[in-house]
Amino acid sequence: MKKKQLAVNPENPETLLDLKLTPPKEAAAGIPGVVHAVQHVLHEMDPVRGFKALAKLNQKSGFDCPGCAWPDPDDDRSAVAEYCENGAKAIAEEATTKKLGPDFFAKHSLAALSQLNDYEIGKKGRIAQPMYLAKGATHYTPIEWENAFEKIANALNALDNPNEAVFYTSGRTSNEAAFLYQLLVRQFGTNNLPDCSNMCHESSGVALNESLGIGKGSVTLEDFYIADVILIIGQNPGTNHPRMLSALQKAKANGCKIISINPLPETGLVAFNNPQTLKGVMGIKSKLTDLFLQVKLNGDMALLKALSKLLLEASKTNPEIIDTDFIQANTVGFEDWKTAILKEDIAQLAIDSGIELSQIEAAANYLKQGKKIIACWAMGLTQHKNAVETIQEVVNILLLKGSIGKPGAGTCPVRGHSNVQGDRTMGIYEKPSPAFLNQIAQTYGFVPPQKHGYDVVEAIHAMHQNKVKVFMAMGGNFLSATPDTNYTAQALEKCKLTVQVSTKLNRSHLVTGEEAIILPCLSRSDMDMLNNEPQFISCENSMGVIQKSQGNLKPVSTLLKSEPVIVAELALKLFGNHGPVKWDKYLQHYDHIRADIELTIAGFTNYNVRVREPGGFYLPNSAREGKFNVLTSQKAHFVIGKLNHIQLKENELMMMTIRSHDQFNTTIYGLDDRYRGVFNERRVIFMNPLDCQKLGYKAGDLVDLMNNEHGIERIARKFIIVEFNIPQTCSATYFPEANVLVPIQSVADKSNTPTSKMVIIQLRPHQG
Ligand SMILES: Nc1nc2c(c(=O)[nH]1)N[C@H]1C(S)=C(S)[C@@H](COP(=O)(O)OP(=O)(O)OC[C@H]3O[C@@H](n4cnc5c(=O)[nH]c(N)nc54)[C@H](O)[C@@H]3O)O[C@H]1N2
Ligand SMILES: Nc1nc2c(c(=O)[nH]1)N[C@H]1C(S)=C(S)[C@@H](COP(=O)(O)OP(=O)(O)OC[C@H]3O[C@@H](n4cnc5c(=O)[nH]c(N)nc54)[C@H](O)[C@@H]3O)O[C@H]1N2
Ligand SMILES: [Mo]
């Protein structure tokens with residue numbers, strides 16, 4: 001029997017471990033953070049390799065952290081430790097010396113591997129050689145690179161239409177690899193290039209493009225140090241962008257006020273022990289947040305409108321509060337927006353946001369006084385039905401205050417994966433602009449396909465409808481990261497061939513098409529040699545800085561290839577060297593890739609020289625320069641958002657799916673969520689004690705979580721109730737365990753991002 005239903009059935013209760021709870025931590029980082037980081041590293045490799053890796057992490061001569069996309073300081077980088085606890089864990093995970101040879105795959109069937117949880121699967125080690133799963137087989141077997149490329153090329157060439165193939169990208173892929181990958185896909189004839197952004201900051205890209213004419217944020221790290229007010233909305237920096245805390249600490253030292261807006265009092269937001277300072281080492285906390293607004297899930301739009309209303313009203317007597325000159329010179333739509341805001345009922349807005357009016361007034365007072373305001377946000381805003389309009393409501397406040405296009409102020413969508421922004425710049429996008437496609441045509445002399453391709457959600461539907469036969473992933477864990485896990489599993493199983501370019505084993509290798517191939521690649525920390533010459537790659541961080549990254553560790557196997565080499569060799573198999581793209585030149589030196597990027601993409605003039613300068617270079621950013629390239633007007637737009645009224649039934653809760661402190665997306669580093677005081681278990685649901693009472697449960701009860709949206713019954717079994725400081729009717733579980741409950745039909749307007757932070761659920765006592 002083949003894998004199939006055994007491969008993954010996340011509904012099935014997993015074994016519960018031994019949950020331990022402590023009160024949530026008051027401050028992030030400090031010495032415990034350093035200790036945990038080093039423990040993780042030493043668990044995976046010997047100390048020499050471990051310290052070799054850490055010494056080069058985020059140094060100008062080293063490699064870019066494969067963790068988050070937070071930028072490195074331009075000048076004063078710490079000589080020893082320009083990384084955080086979670087960056088060190090990311091390194092431990094990828095630089096491990098454990099590896100999976102052919103004997104591992106001979107010993108373990110797919111069915112047997114599927115019984116392991118994500119933590120156990122990930123801990124097995126690095127994939128050490130290409131592997132192939134034949135039709136009907138129960139085990140992967142080794143395959144030569146050459147044969148693997150041949151099989152993929154044959155499957156692609158056998159398609160009736162190039163649009164029957166889908167090419168996914170996760171966000172660790174370098175600029176060089178991403179550029180080649182999109183080039184291969186477009187030469188092949190499709191724009192089916194979904195990426196993890198579709199599930200992440202797509203809502204930010206759409207909102208910012210419409211409002212400001214650029215899909216990226218406008219601030220630099222230096223802006224943080226001179227801001228008057230920083231808003232942190234729907235983001236958990238203590239866990240997901242720990243190095244942001246140092247920037248916030250510096251901002252505060254310069255008198256900045258910090259307002260956090262979150263349903264949870266996240267530890268890092270409250271206080272921080274900087275492990276790189278003496279005070280921090282001694283456990284002397286810096287209080288970071290001046291004002292914490294504990295918003296209800298999806299209550300942000302109401303809150304932002306309330307803030308705008310208070311500012312507009314106050315400006316009637318004190319016009320200085322808003323920046324009328326900026327508004328007149330640079331924006332359109334102000335009067336209509338103002339009229340709409342002033343019509344809102346402030347008391348009702350406060351109720352809808354879940355925050356006391358007095359607290360909202362306190363926040364408005366900070367905003368009234370501030371002239372330079374930065375707004376930061378992440379998944380707490382982007383993964384909602386009305387995400388695009390909510391983000392535009394954030395932008396409205398910045399425009400009202402003239403806080404865009406000047407130092408110390410602007411937009412800061414805090415990106416996730418370390419090169420997710422760069423991948424988009426390189427053309428990993430299912431909806432490329434005509435200008436971008438024209439540039440490809442100019443450089444290479446072929447006409448790329450113009451029709452837009454599938455995003456993530458559309459790709460899953462298309463696989464279900466048998467419109468897609470080949471699925472290839474450049475990194476990531478498509479099955480576990482996407483919504484409605486069972487539906488996605490069925491979709492992948494309908495493909496003829498699924499191909500994964502990966503570093504570590506994950507569930508997407510276990511739920512496959514009829515045939516499957518794993519191509520093992522080098523990671524960020526690995527030394528990359530080509531023709532006996534060391535190569536480097538480059539990445540773009542969350543603030544548009546392009547930097548070189550060069551690994552220094554010996555790869556765990558001689559059979560690994562780099563991502564750019566994998567793409568170029570596959571392209572040679574597919575197209576040969578006689579077409580418009582001379583693929584073999586990219587196999588000589590990566591400088592040739594960068595030279596072609598320079599020819600094709602704006603902002604990369606003199607790429608090969610500038611990328612070698614310590615610290616790299618900034619890409620041009622129109623919003624930062626105060627230019628708004630919005631199609632119709634060349635001005636920034638005030639956009640009126642609609643309030644979303646969600647009526648929950650008596651027995652329903654709103655659930656967000658979030659990250660613990662011990663994971664990177666679907667990679668589970670460990671089973672603890674130290675800051676929230678949860679240890680040794682991930683199948684937990686955080687609930688307000690009053691909701692527990694109302695629904696007839698108590699802390700520690702075992703429950704099944706369910707919903708029935710769009711006529712499909714979804715169940716996630718066996719979760720333990722943890723009482724927590726979270727607004728009533730709101731609840732939280734961890735991603736990816738709860739993805740089985742996220743309905744694929746529930747997506748954000750315009751961005752089509754799954755609404756992973758607003759999933760309606762019901763509870764029942766656990767049924768075995
Ligand atoms: N260590 C580590 N670092 C990471 C990652 C990781 O998994 N581990 N992932 C990377 C990636 S790809 C990304 S995108 C980022 C993610 O970084 P975050 O966006 O910080 O990640 P989440 O855990 O999804 O947390 C979302 C936050 O939003 C809040 N929230 C949820 N719903 C709402 C809402 O309706 N309103 C408001 N105001 N807040 C809300 C939650 O309480 C939580 O604090 O981190 C990146 N960095
Ligand atoms: N319910 C819910 N779902 C979510 C989210 C949520 O908050 N809630 N967040 C969403 C977000 S923000 C994102 S970004 C996505 C993430 O979606 P993905 O990017 O698809 O998922 P990851 O877990 O980051 O991918 C991990 C895998 O990438 C591979 N990998 C690691 N490093 C490399 C490398 O250098 N090269 C290659 N080729 N492979 C590598 C490893 O095999 C590893 O198992 O998930 C989304 N899904
Ligand atoms: Mo993300």
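The values are calculated or read from the model by the stated rules, or taken from the named source; none is laboratory data. Here the structure is a predicted model, which is why all the values come from computation and not from measurement. So basically every Cβ, Gly included, is an ideal-geometry build from the backbone, and we count neighbours across all protein chains shown. Note: accessible area is taken over every heavy atom of the protein model, side chains too, but ligands, DNA and RNA are not part of it. Shrake-Rupley method; radii C 1.70, N 1.55, O 1.52, S 1.80 Å.
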Between His452 and Ser622, what's the calculated FRET efficiency when r is the beta-carbon distance and R0 is 22 Å? Round to 0.05.
0.40
Modelled label-to-label distance, Ile646 and Asp18, 7 Å Cα→beta-carbon offset: nm?
3.7 nm
Would you please put 542-550, 648-656, 733-741 in order of how densely packed they are, using the mean number of other Cβ atoms within 10 angstrom per residue and starting with the highest?
733-741, 542-550, 648-656
Can you run phi through the Karplus equation (6.51, -1.76, 1.60; θ = phi - 60°) for the stretch 613-619 and list ³J(HN,Hα) in whole Hz, with x for Gly and Pro?
6, x, x, x, 8, 7, 7
Given a 1.4 Å probe and heavy atoms of the protein chains only, how would you sort Arg624, Arg674, largest accessible area at the top?
Arg624, Arg674
Unsatisfied cross-links (Cα-Cα over 24 Å) in the set Lys496/Lys582; Lys718/Lys757; Lys52/Lys548; Lys316/Lys385:
Lys496/Lys582; Lys316/Lys385
Axial C-alpha extent at least 24 Å, average Kyte-Doolittle at least -1.0 - helices from the chain (DSSP)
300-317
Simple spin-label estimate for Gln465/Ser433, 7 Å along Cα→Cβ, in nm, reads 2.9 nm
Using only Cα atoms, locate the centre of the stretch 668-695 and the centre of the stretch 128-193, then give the distance between them in Å, rounded to an integer.
39 Å
Could you order peptides 132-139, 229-236 by the average number of other Cβ atoms within 10 Å of their residues, highest first?
229-236, 132-139
Work out, step by step, the length gained on full extension between Lys582 and Ile346: first 0.36 nm times the residue separation, then minus their alpha carbon distance; give nm to one decimal.
78.7 nm
What is the chain by shape, rounded, prolate or oblate, if you read a ≥ b ≥ c off the alpha carbon gyration tensor as root eigenvalues and call it rounded for a/c under 1.5, prolate for a/b larger than b/c, and oblate otherwise?
rounded
By accessible area of protein heavy atoms, probe 1.4 Å, what ranking do Trp145, Trp377 get, highest first?
Trp145, Trp377
Quick calc, Ala137 & Gln490: beta-carbon distance into FRET formula, R0 22 Å, rounding 0.05, result 0.65
In deg cm²/dmol and to the nearest 500, what is the mean residue ellipticity at 222 nm of the chain if only DSSP H runs of at least 4 residues count, each as -39500 (n - 2.57), divided by the residue total?
-9500 deg cm²/dmol
For Ile258, residues with placed amide H under 5 Å, excluding near neighbours:
Ile230, Asp290, Leu291
How much length is gained on full extension from Thr317 to Gln369, taking 0.36 nm per residue of separation minus their Cα-Cα distance?
17.3 nm
Counting only heavy atoms of protein chains, what accessible area per residue, in Å², does the stretch 652-765 have with a probe of 1.4 Å?
29 Å²
Under a straight-distance cross-link criterion of Cα-Cα below 17 Å, which lysines are reachable from Lys99, leaving out those fewer than 8 residues away in the same chain?
Lys107, Lys123, Lys124, Lys504, Lys554, Lys561
Counting Lys +1, Arg +1, Asp -1, Glu -1, what net charge surrounds Tyr607 among other residues with beta carbon under 13 Å of its beta carbon?
-2
Taking Cα centroids, how far is the stretch 35-63 from the stretch 302-331 in Å?
49 Å
Stretch gain in nm, segment Asn531-Asp336, where the contour uses 0.36 nm per residue and the Cα spacing is subtracted
64.0 nm
For the chain, the dipole about the Cα centre with charges only on Cβ (Lys and Arg +1, Asp and Glu -1), to the nearest 20 debye, works out at 600 debye
